[in-house]
Amino acid sequence: MAQPRDGAALRALLDAGGHGLIPRGLGRSYGDAAQCGGGTVVELPHLSRIRELDEDAGAIEVEAGASLDAVMRHTLGRGWFPPVTPGTRQVTIGGALAADVHGKNHHRDGSICRHVTELTLEAPGGTHVVAPDRDAELFWATAGGMGLTGVITRATLRLLPVETDQMVVDTDRFEDLDAVMAAMEEGDHRYRYSVAWVDCTAGGRRAGRAVLTRGDHARREDVPLRRGGRRPPGIQDGHLRVPEGLPAHLLNGLTIRAFNEAWYRRAPRRRHGELQPLGRFFHPLDGVADWNRLYGPRGFVQYQFAVGPAHGEVVRQAVDLLSARRLPSFLAVLKRFGPGDPGPLSFPMAGWTLALDLPVGPPTLPASLDELDGVVAAAGGRVYLAKDARLRPELLATMYPRLPELAAVRRRVDPAGMLRSDLSRRLGID
Amino acid sequence: MLDAFGQPQSIVVLGGTSDIAGAVVDRLCARRCRTVVLAGRDAERLAESAARAEEAGAERVAQVVVDATDVPGAAASVERCFAAAGDVGAGGDGNVDVVLVAVGVLSGREDELDAAHAARVAAVTYAWPVAAITRAAALLAEQGYGRIVVLSSVAGVRVRRANFVYGSAKAGLDAFARGLGDALQGTGVSVQVVRPGFVRTKMTEGMPAAPFATTADAVADVVVAGLGTPASVLWAPPVLRAVFAVLSRLPAAIWRRLPG
C-alpha cells in the first residue's frame, strides 16, 4: 500500500517494477478490482484538492483522490450538482471514472465519463492528458478501464445546475415485476432519476414485487419558503447507525426476508410530488452508518448485470432463480439504462440492469451465479466488473467483445504490463 | 487468483495420487481451477491422476515425481512444482493459489515396533511435509497471497495404540500447520488444517471402518467449502469435532481399551 505525496512520487512507483500496481479509491469496491496481491496498491489521499469552480462553463477541476462527497459539498451551495451520483458518495473521482459509474439518471444522462471533458493519467511510460477529442482511444479505454490503463490523477467534470437541495419524488408500489417494468418503460423518460427496488425474497407470485422511486431536482417554486428565509442548500443524511457488537451473520435469510417485507410495507402505494432532501433520495445506505457491518465477517458478493431492452425476461429469470433457491438478496435494484459509453470495458448498455447483494454462505450460491452468468451472456448482456469477484473467466470475452481494443491501448501505455489487479489476473485481462 | 468463494484457478497438490486429492481436484476443476500441478511418488499413477484432472476440466496439468522419504530434497521438490505451475503454458498467470498437502503413509499394528518402518512413516507423514510446507509458505508469501490446505487426521487428535506412529506424525503436522498459520498472519497467506476421520480409500483398504467413517468425496466437499472460509481447522465429517471433544477427555484406561 502506497500513498504518494505528488505526481513525481507516483511516477517513481510506476517505474519501480515489481509484482504489479493498481490504484484504489475509498475501498467501497465490492470485488477485487482495487486489490493486487503481492503488488502495490496506490491510494491518493494527498492528491485530493478541489480546484476553482468555473461557473461560466459549469465545470470543475478536481484531483482524483477527492471524494464525490467532498465535491458535492463544495459545489451544491453554489447551485451545482455532480452530473452522475452512484449509490454512495464515498467514492473517489478516480474510482468513479475507472468504473465509469452510473446513477439513477443513466437513462437520461449516461454514465459519469460522458461528463468528463479532460483527464490526466499517470502510466508507466509517462503522463497523458486525454479527452474525448484528444487521444480518444486512451480516454475511453480509461473510462471504465478499472485502473488498468494508468492512475487517474485529475479530471475536469461538467456539472448540473440545480436550484435547491430538495428532490420532488414520486413513489409507486407494484405487486409484481411485470407491472413495474412496464411502468418504467412507459414513464421513465418523464423523470431525470428513476430506480426500482425489487423484492427477490418473496415467494411465488409475489416474487418481484417492487417499489419504484422517480424524481427530479426541485425548482425554487417547488420548495415552500421557510420562516427566516431559505436554509442554504446542504446535505443531510439519515441518523441511523448500525450498533457495534452485533452478532456475526445477522443478515441471514430470515432477517433479509423481514427487511424486504418491511421496506415494501413501508412504501406508500402511491405518493406523488413529495419533497425529499438530496441525501435521502440518492444515498439511503449512507444514512445507515456502517451498514456494511450488517453482513458479518464473511461478507457478501454483489452481482449486477445489464441486458438489452429486448431481454427483460433475464431480469425475471434472475428474480425467479433467487426466489426459488431461497438465496436471499438484501437489496435488489432495478434500473433502465440509456445508451452506453464508447469505453471498451464500460459496463452500462441500453436496456435493463439488476443489482443484487448476496451474503456469502449458502452452498448453492456459487453455482447459481455461474448459471446466471450463462443466461446473461447468452442474452448478449454483461456483468459489472466493479462489483465482480467471481465471474466465469471464459465468459468475459463474450460479455466484453471489445477487450482487444483495451489490450492494444495497454500495450501502448504499459508495455511491461505493470498495471494489473487481482481482477485482471483472475479474469485474464491482457 | 482466488475468487470471492476462495476458489482457486491454480493448485499444487503434494500427494497428487491420493484418493482425497483426486476428489478435491475434480471439484475445483469443475469450478474455476485450470492449472493443476500433481506431485507424487509413482509416475504411472501420476499420469492417471493427470488424465483425471484433465477430464474434470483442467487445461494445464503438470506432473512432478517426488520422493517423500527424501526429507532434505523436499524444498527443491516444491520449487519444481511452483516452477511447473509457471511453465505449463499460456493462459495461467503463473501464480499458485492453493497448495494442497495430502502426503502420508499409514502404519498398522503389526509394524508399529519396527524401527525402520517407524522412521519411514515419520519421514513421509511429518518431516517431508514440514519441510515442503515451509518452502511453499515462503514462495506464497513472496507472491503475496495463497492458501495452504494440510490434510491432518483425527488419528493425531488423540493418538491410538493401533497406529500411534502415524497418529503422532499427524499430531505433529497438525500442530506445525496451525503454528505456521499464526506466523503467516499479515502476509496474505493462510493455512487451513483439515482433520478427516476414517476415510475409505486405497490407504485404508482392508481395514475395519471406524465409527463415522467417511469417503474421499465427502472429505473433498469439506475441503472445497472450507476454501471459502477463514477457519483454521475443519473436521470431516464436521460431527467429529463434537465426538473428539468427548474422546479427548476419556480416561486413559478406557481409551486404551477401545477397539481398533
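Among A:THR85, B:THR214, the order by Cβ neighbours within 10 angstrom, fewest to most, reads B:THR214, A:THR85. Tell me which of A:GLY380, A:PRO363, A:ALA9 sits at the most positive position along the dipole axis of the protein assembly as shown, charges placed on C-beta atoms (Lys, Arg +1; Asp, Glu -1). The listed residue farthest towards the positive side: A:PRO363.
Result for chain B in a Gaussian network model with C-alpha springs under 10 Å: among B:GLN143, B:GLN185, B:GLN63, the largest mean-square fluctuation is at B:GLN185.
Taking the number of other C-beta atoms within 10 Å as the exposure measure, put A:PHE259, A:PHE174 in order starting with the fewest.
Listed from fewest to most nearby Cβ atoms, that is A:PHE259, A:PHE174.
Comparing A:GLY94, A:GLY77, A:GLY343 in a Gaussian network model of chain A, where Cα atoms under 10 Å apart are tied by springs, the biggest mean-square fluctuation is seen for A:GLY77.
Per-residue Karplus couplings for the stretch A:154-162, computed as 6.51 cos²θ - 1.76 cosθ + 1.60 with θ equal to phi - 60°, are listed in order as 7, 8, 10, 10, 7, 10, 10, x, 10 Hz, Gly and Pro entered as x. Please say if chain A is rounded, prolate or oblate, where rounded means a/c under 1.5 for a ≥ b ≥ c the square roots of the C-alpha gyration tensor eigenvalues, and otherwise the choice is prolate for a/b larger than b/c and oblate otherwise? Because a/c hits 1.5 or more and a/b fails to exceed b/c, chain A counts as oblate. Stretching A:ASP370 away from A:ARG326 to a fully extended chain increases their span by 14.2 nm, per 0.36 nm per residue minus the current alpha-carbon distance.
Each Lys and Arg Cβ is given +1 and each Asp and Glu Cβ -1; about its Cα centre, the protein assembly as shown then shows a dipole of about 2140 debye.
Contact order for chain B, expressed relative to its length and based on alpha carbon pairs under 8 Å spaced 6+ residues apart, stands at 18 percent.
Highest mean first, how do A:324-334, B:223-233 rank when packing is the count of other Cβ atoms within 10 Å averaged over residues? Let's see the in-between values first.
On the way: A:324-334: 19.4, B:223-233: 17.4.
Ranked by mean Cβ neighbours within 10 Å, highest first: A:324-334, B:223-233.
Relative contact order for the stretch B:41-187: what is it in percent, counting Cα pairs under 8 Å that are at least 6 residues apart? Let's see the in-between values first.
Details: 180 pairs, mean separation 33.8, N = 147.
Relative contact order for the stretch B:41-187 comes out at 23 percent.
Amide H to amide H distances under 5 Å link A:VAL42 with A:ALA2, A:ILE22, A:ARG24, where only residues 5 or more positions off or on other chains count and H is placed in the peptide plane. With a 10 Å cut-off around each Cβ of A:387-399, the average count of Cβ atoms from other chains is 2. Based on Cα contacts under 8 Å between residues 6+ apart, chain A shows a relative contact order of 20 percent.
Just subtract the alpha-carbon distance of A:THR398 and A:GLU55 from 0.36 nm times their residue separation and send over the number in nm, one decimal.
Details: separation 343, 0.36 × 343 = 123.48 nm, distance 4.32 nm.
Extra length from A:THR398 to A:GLU55 when fully extended: 119.2 nm.
Comparing A:GLN304, A:GLN166, A:GLN317 in a Gaussian network model of chain A (Cα springs below 10 Å), the most mobile by mean-square fluctuation is A:GLN317. Taking R0 as 41 Å, what's the FRET efficiency between A:ARG271 and B:GLU79 from their Cβ-Cβ distance, rounded to 0.05? For R0 = 41 Å, the calculated efficiency reads 0.05. Spin-label model, A:GLU261 to B:VAL65: label points 7 Å out along the Cα-to-beta-carbon direction sit 6.6 nm apart. Classify chain B as rounded, prolate or oblate from the Cα gyration tensor: take a ≥ b ≥ c as the square roots of its eigenvalues, call it rounded if a/c is under 1.5, otherwise prolate when a/b beats b/c and oblate if not. Prolate shape, in that a/c is at least 1.5 and a/b is the bigger ratio. Along the axis of the charge dipole computed for chain B (Cβ charges of +1 for Lys and Arg, -1 for Asp and Glu, origin at the Cα centre), the listed residues B:MET1, B:ALA84, B:TRP128 are led at the positive end by B:TRP128. Would you mind checking the stretch B:143-163 for residues with the amide N under 19 Å from a putative spin-label position 7 Å along Cα→C-beta of B:ALA209? Hits in the stretch B:143-163 for B:ALA209 at 19 Å: B:154-155. Residue separation of A:THR117 and A:ASP15 scaled by 0.36 nm, minus their Cα-Cα distance, works out to 33.9 nm of gained length. With Cα atoms defining each centre, the stretch A:13-37 and the stretch B:114-134 are spaced 41 Å apart in the structure.
Would you work out the charge dipole size for the stretch B:10-257 about its Cα centre, treating the Cβ of every Lys and Arg as +1 and the Cβ of every Asp and Glu as -1, and quote it to the nearest 20 debye? Each step should come with its number before you reach the end.
Working: 25 positive and 24 negative charges, 218 e Å.
Dipole of the stretch B:10-257, to the nearest 20 debye: 1040 debye.
Peptides B:13-23, B:240-250 ranked from most to least packed give B:13-23, B:240-250, packing being the mean of other C-beta atoms within 10 angstrom over each peptide's residues. Sorting A:408-414, B:1-7 by their mean Cβ neighbour count within 10 Å, with the most densely packed peptide first, gives B:1-7, A:408-414. Neighbouring Cβ atoms from other chains, within 10 Å of the Cβ of residues in A:37-48, number 2 on average. Modelled spin labels at A:GLN317 and A:VAL223, positioned 7 Å past Cα toward Cβ, are 4.6 nm from each other.
Here the spin labels are modelled as points 7 Å beyond Cα on the Cα-Cβ line, and at A:ALA407 and B:PHE244 they lie 4.8 nm apart. Take each residue of peptide B:3-12, count the partner chain Cβ atoms within 10 Å of its Cβ, and average: the result is 5.
What shape does the stretch B:177-231 take by its C-alpha gyration tensor, where a ≥ b ≥ c are the square roots of the eigenvalues and a/c under 1.5 counts as rounded, a/b above b/c as prolate, and the rest as oblate?
Details: a/c = 3.49, a/b = 2.34, b/c = 1.49.
Since a/c reaches 1.5 and a/b is larger than b/c, the shape of the stretch B:177-231 is classed as prolate.
With charges only on Cβ, +1 for K and R and -1 for D and E, what is the dipole size of the stretch B:151-206 about its Cα centre, in debye, rounded to 20?
280 debye
Pick out, from B:LEU113, B:VAL193, A:THR171, the residue whose Cα sits farthest towards the positive end of the charge dipole of the protein assembly as shown, with +1 on the Cβ of Lys and Arg and -1 on the Cβ of Asp and Glu. Highest projection toward the positive end goes to A:THR171.
Residues in the stretch A:140-149 carry Karplus couplings, in order, of 6, 5, 7, 6, x, x, 6, x, 8, 10 Hz; the curve used is 6.51 cos²θ - 1.76 cosθ + 1.60 with θ = phi - 60°, and Gly or Pro positions show x.
Please sort by residue number the GluC sites (Glu not before Pro) in the stretch A:1-101 whose DSSP state is loop and whose Cβ has at most 14 other Cβ atoms within 10 Å. Mind dumping the intermediate values first?
Working: sites: A:GLU43, A:GLU52, A:GLU55, A:GLU61, A:GLU63; in loops: A:GLU55.
Those satisfying the criteria are A:GLU55.
Each reported figure results from applying straightforward, stated rules to the coordinates on display, with no laboratory input. Model, not experiment: these values are computed from the prediction. Every residue, glycine among them, receives a Cβ derived from its backbone with ideal geometry; neighbour counts consider all protein chains shown.
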